[in-house]
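Have a look at the structure below before the remarks.
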Amino acid sequence: MPQLGTESNPLRVAVIGSGPAAFYAVEHFFKQKGMVAQVDMFDRLPTPYGLVRGGVAPDHQKIKSVTKVFEQTASNPCFRFYGNVEIGKDVSVEELKDGYHQILFSTGAQTDRRMGIPGEDLPGSHPATEFVAWYNGHPDYRDKQFDLSQERVAVVGVGNVAIDVARILCLTPAELAATDIADYALEALSHSQVKEVYLLGRRGPVQAAFTNPEIKEVGEMEDADVLTLPDEVKLDDLSRAELEVGKDRATQKKVDILQSYAARPPSGKSRKLIIRFLVSPVELVGDAAGKITNMRLVKNELYATETGTLSARPTGQYEDLPVGMVFRSVGYRGVPVPGVPFNDRWGVILNQKGRVVDAGGQPVTGLYASGWIKRGPSGVIGTNKPDSVETVVCMLEDVAAGATLQPAHPDAAAMEAMVRERQPDAVSFADWLKLDALETANGKALNRPRVKFTSVAEMLAALGR
Ligand code: NAP
């Protein structure tokens, strides 16, 4: 058998998922001189790009321009995209092992973490991840209902996702219309009655997870005032010490911004975003019909844990916050891939530097992970580049060491035939480029960046299927 990774015996790699972690990995493969790799990328949606399409806020168009780089990667003749093909349903992992030397899981974090409090499942309490997927036109979430007739809404958590959700609830119809938000979401939000949005942090301003551009941005909304409470943004001794020791200018800046919001009188805009700290929801209370009317909060204080991090503990002082809708934005969570070792506590595939390992820490030949399913839901899009490179370096080391799967049919045409037989509506990258051009053209007519197709049927119809 000729050496693996040559013209006559190309390395065959399957990548599951098509978000940034997937594309950065492929980019690194294609950069290798003297290595011929054929990469097939699978996504259960007809559209690529994962959270760049379905997660990044619609008013953050600049962040989405990273797809230009992914498009370039996809133009390599050794790349194939199989959209609308679900691994585990249309094609099994075992079947992939028959066609590829290596399989990379870049499946992200497809579900959310829970708060674990009574009332969490009352109607009107939603994972922020679902609202995000809804306003971004994810086909699985387009039919979700959010009761925007409520005047007061709470968003639990103070990460960038929480900020995105709060901001989308506060923007005007004109601000939203300038984005690529799903058209049904634009319509629903245009009639929104929401007047007050509460963003709830369990720790203090120093520990807030959102980043400075995002917290600054909410101070510039057209028709929503942002405010913080002076007592809650005043630093306690522990936080002051933490800031002093870290000499962290970005965090100091964040605190300055939050304190400036406490000093700034509301200017009479129609909506208010109120950012609270040192409070935790302990219960969601419903009316006779079970609809949320109230959120019970406990006031927290900070204490230093054994590792030195500052954690929140309840003081025993309670408060009732009347709200009619709640979004929990306390982090995403990965879901297991059947047959692939999983760390349930962390919600990630068991791995070392991206090599999938079994419970005993031994590498599972041929299986790899990158992105959120590898390291958990943290970091910005760019964080996935070094993360994926680390995984691909391991994959290349394993090729050199001969530690790959030994597929019986490492053949692109055979795989193509099987996929098309299982899923006749598989979508190629050329198909996606057609959908992309149509969405952009439909947007142009309305002065919007794009108008998204939001159902698989619509996408297939647009492709003439
Ligand atoms: P995140 O940054 O990890 O924030 C999660 C938030 O939930 C934290 O404030 C956390 O507080 C809080 N939390 C966790 N459990 C809680 C509980 N039981 N009760 C109350 N609060 C709780 O996660 P994320 O917002 O989902 O974002 C995921 C990643 O995507 C992040 O790296 C984020 O920066 C990135 N992202 C970036 C952008 C952007 O660049 N514009 C936009 C969206 C997302 P503690 O700190 O106290 O645990």
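What follows is calculated from the coordinates using simple rules that are stated; it is not laboratory data. Note that the structure is a prediction, hence the values are computed from the model and not measured. Positions of Cβ are generated from backbone atoms using ideal geometry, with glycine treated the same way; all protein chains shown enter the neighbour counts.
For the range 376-391, what does the Karplus curve 6.51 cos²θ - 1.76 cosθ + 1.60, with θ = phi - 60°, yield as ³J(HN,Hα) per residue in whole Hz, taken in order and with x for Gly and Pro?
Working through the residues one at a time gives x, x, 9, x, 8, 3, x, 4, 6, 5, x, 4, 6, 4, 4, 5 Hz.
Could you tell me which residue out of 259, 179, 36 lies farthest along the dipole of the chain toward its positive end? Charges go on the beta carbon: Lys and Arg +1, Asp and Glu -1, centred on the Cα centre.
Positive-end residue among those listed: 259.
Once amide H atoms are placed 1.01 Å from N in the peptide plane, what residues at a sequence separation of 5 or more from residue 274, or on another chain, have their amide H within under 5 Å of its amide H?
197, 198, 199, 227
Obtain the radius of gyration and the Kirkwood radius of the chain from its C-alpha atoms and give Rg over Rh.
Value, to two decimals: 1.00.
Sorted by mean Cβ packing within 10 Å, highest first, what order do the peptides 380-391, 193-204 take?
Output ranking for 380-391, 193-204: 193-204, 380-391.
So for each of 414-423, 5-14, 310-319 I average, over its residues, the number of other beta carbons within 10 Å; can you give me the resulting order with the highest mean first?
On the way: 414-423: 15.6, 5-14: 17.7, 310-319: 13.2.
Those peptides, ordered most packed to least, come out 5-14, 414-423, 310-319.
Across all directions of projection, what mean area in square nanometres is found for the Cα convex hull of the range 117-331?
12.5
Check which residues have an amide H placed less than 5 Å from residue 327's amide H, if you skip close sequence neighbours.
Result for residue 327 returns 126, 154, 155, 156.
Given that compact globular proteins tend to follow 2.2 N^0.38 Å, what is the ratio of the alpha-carbon Rg of the range 346-465 to that value?
This ratio for the range 346-465 stands at 1.44.
Run the numbers for residue 229 and residue 63: contour at 0.36 nm per residue of separation, minus the present Cα-Cα distance, in nm.
Numbers: separation 166, 0.36 × 166 = 59.76 nm, distance 3.13 nm.
Length gained, residue 229 through residue 63: 56.6 nm.
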